[in-house]
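A short write-up of the structure that comes next.
The values are calculated or read from the model by the stated rules, or taken from the named source; none is laboratory data. As the structure is a computational prediction, the values presented were derived from the model and not from experiment. Cβ coordinates were reconstructed from backbone atoms using ideal geometry, including for glycine residues, and neighbour counts include every protein chain displayed.
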Amino acid sequence: PEAITVQELAKRMGERGADLVKALFKMGTPVTITETIDQDTAELLITEFGHRINRVSESDVDIQAETDVDAEDTLKVRPPVVTIMGHVDHGKTSLLDAIRGASVVSGEAGGITQHMGAYQVSLPDKSKVTFLDTPGHEAFTEMRARGANVTDIVVLVVAADDGLKPQTIEAINHTKAAGVPMIVAINKIDKPDAKPQKVREELLQHEIIVEDMGGDVQDVEVSALKKTNLDKLLEAITLQAEILELKANPDRAAEGAVVEAKLDKGRGPLATVLIQRGTLRVGDVIVVGAASGKVRAMIDDHGRQVKEAGPSFPVEVLGLGAVPSAGDQLTVVENEARAREVAAYRQGVLDKKRTTSAPVSLENMFADRA
Ligand code: GTP
Ligand code: MG
């Protein structure tokens, strides 16, 4: 396989060399900017930075990440993607229900979230926010890690009567690892034993300094039950989104990330995809991870069929030949032959990765940091 210097790869990706070196270090590959890395490592980095790999066959080794950066004048403002995280039962789904005016909690088995929900909310000023709900139960570490990685902003929900708990701390670590800004929602302030100030103090121990304590992390006291201060929370999100200047090119072939996927008895493989750039349309030929197909239908978070989905839009995609994995990247390609080729190639890479290298997890990233 070909090798490439970190510097050259950074140039092609349109990223800073120092950021690549940092990411490589976290992946357990300490190199300097002038050193070379192998193709597999380069590929991992490209994916890690959210770029697309255009390499299609084992012989076609050109990394075309460079051509894949959208020109500044093609970019349009897109809604922020906000992931709700926190310890089990601290009120994440209730908070989202209150914001959406819906009721998901009541339909959940045992009141425990076991999958990732994706919703879009329209604000009074007509702007939109995309929310991802994650489970707080300890068994769902991977889903929280994934949530932190596809998101622009994390809202950390902490119950004021319970304080910081193991999965709160885990969520803080995922958020830090993903380099994503955080807003703290101190929930359940309606409870008589609510101690919001104690939550702020506990956060200090994890280097989260909220505005109330003189830091720059926004914190909002809320009650999902009484619907208190939901407007303040949405304002905090809007403010943070403005600072981030989130933009994407809607006028190009779509790319997105799979939030979750499953096999539906009647409808076949279903993938909930968060569109990251471009616009996905019914009839598009797609590759999702190692699965391929043609978009037969798309369904939004209200269960309505939609013909197209632009940046930051979460949508359920029907028409894949197989069930992809959560975290897989969706790419639109020109025809079905090409789709099969890319899918087969990706399958090969997957098989190779599985047998030759240890997976890069957030856990061993932290171990490297210490
Ligand atoms: P997981 O998804 O399983 O991690 O839980 P969750 O964080 O989504 O919590 P959920 O929204 O399911 O709420 C857990 C319990 O807390 C439910 O019984 C809610 O009614 C209750 N709850 C949520 N928000 C509030 C609040 O603001 N005040 C009070 N008093 N109770 C709340
Ligand atoms: Mg929940």
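Considering region 267-280, and only residues there that are without any contact (Cβ under 8 Å) to a residue 60 or more places away in the chain and surrounded by fewer than 22 Cβ atoms within 10 Å (Cβ to Cβ), the residue that is farthest from residue 146 (Cα to Cα) turns out to be 267.
Quick grid of which residues meet (1) touching a His at 6+ places or on another chain (Cβ under 9 Å); (2) within 18 Å of residue 287 (Cα to Cα); (3) at pLDDT 85 or above; (4) basic (Lys, Arg):
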| residue | (1), (2), (3), (4) |
| --- | --- |
| 36 | no, no, yes, no |
| 52 | no, yes, no, yes |
| 56 | no, yes, no, no |
| 65 | yes, yes, no, no |
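A count restricted to region 2-30 and to residues that are in contact with a strand residue (DSSP E or B) (Cβ under 8 Å, 6 or more places away or on another chain), of a type in the set (A, V, I, L, M, F, W, C) and touching a residue at least 24 places away in the same chain (Cβ under 8 Å) stands at 4.
Conditions (1) buried (at least 24 other Cβ atoms within 10 Å of the Cβ); (2) in contact with a helix residue (DSSP H, G or I) (Cβ under 8 Å, 6 or more places away or on another chain); (3) hydrophobic (A, V, I, L, M, F, W, C); (4) modelled with pLDDT under 95, marked per residue:
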position: 239; (1), (2), (3), (4): no, no, yes, no
position: 252; (1), (2), (3), (4): no, yes, no, yes
position: 265; (1), (2), (3), (4): no, no, no, yes
position: 288; (1), (2), (3), (4): yes, no, yes, yes
position: 297; (1), (2), (3), (4): no, no, yes, no
position: 300; (1), (2), (3), (4): no, no, no, yes
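Scan region 104-130 for residues that are within 12 Å of ligand 2 (Cβ to nearest atom) and in contact with a helix residue (DSSP H, G or I) (Cβ under 8 Å, 6 or more places away or on another chain) and jot them down. Result: 104, 105, 108, 111, 113, 114, 115, 116, 117. I want to confirm something. Restricting to region 323-342 and keeping residues that are aliphatic (A, V, I, L, M) and out of contact with any Gly (no Cβ under 8 Å at 6 or more places or on another chain), which single residue is modelled with the highest pLDDT? Looking at residues that are aliphatic (A, V, I, L, M) and out of contact with any Gly (no Cβ under 8 Å at 6 or more places or on another chain), I get 323. Within region 325-340, not a single residue is of a type in the set (Lys, Arg) and under 15 Å from residue 252 (Cα atoms). Screening residue 22 on (1) modelled with pLDDT of 80 or more; (2) surrounded by 13 or more Cβ atoms within 10 Å (Cβ to Cβ); (3) of a type in the set (Lys, Arg) shows it passes everything except condition (2).
Residue-wise test of (1) over 22 Å from residue 162 (Cα atoms); (2) within 12 Å of ligand 1 (Cβ to nearest atom); (3) among the polar types (S, T, N, Q); (4) touching a Pro at 6+ places or on another chain (Cβ under 8 Å).
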residue: 87; (1), (2), (3), (4): no, yes, no, yes
residue: 90; (1), (2), (3), (4): no, yes, no, no
residue: 97; (1), (2), (3), (4): no, yes, no, no
residue: 121; (1), (2), (3), (4): yes, no, no, no
residue: 133; (1), (2), (3), (4): no, yes, no, no
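Of all the listed residues (112, 46), the sole one being modelled with pLDDT under 90, away from ligand 1 (no atom under 16 Å from the Cβ) and hydrophobic (A, V, I, L, M, F, W, C) is 46. Which of the residues belonging to region 1-51 are within 23 Å of residue 150 (Cβ to Cβ) and polar (S, T, N, Q)? Passing the criteria: 41, 47. Under the condition of being more than 10 Å from ligand 1 (Cβ to nearest atom) and in contact with a Lys or Arg (Cβ under 8 Å, 6 or more places away or on another chain), which residue from region 163-176 is nearest to residue 221 (Cα to Cα)? By that ranking, first place goes to 163. Within the span defined as region 237-254, one or more residues are part of a strand (DSSP E or B) and under 30 Å from residue 322 (Cβ atoms).
For region 210-247, the candidate set comprises residues that are more than 20 Å from the chain's Cα centre (by Cα) and of a type in the set (Lys, Arg); within that set, the residue that is nearest to residue 197 (Cα to Cα) is 232. Of all the residues that make up region 194-207, how many are touching a helix residue (DSSP H, G or I) at 6+ places or on another chain (Cβ under 7 Å), surrounded by fewer than 21 Cβ atoms within 10 Å (Cβ to Cβ) and either assigned to a loop (DSSP other than H, G, I, E, B) or among the charged types (D, E, K, R) (or both)? Selection size over region 194-207: 1.
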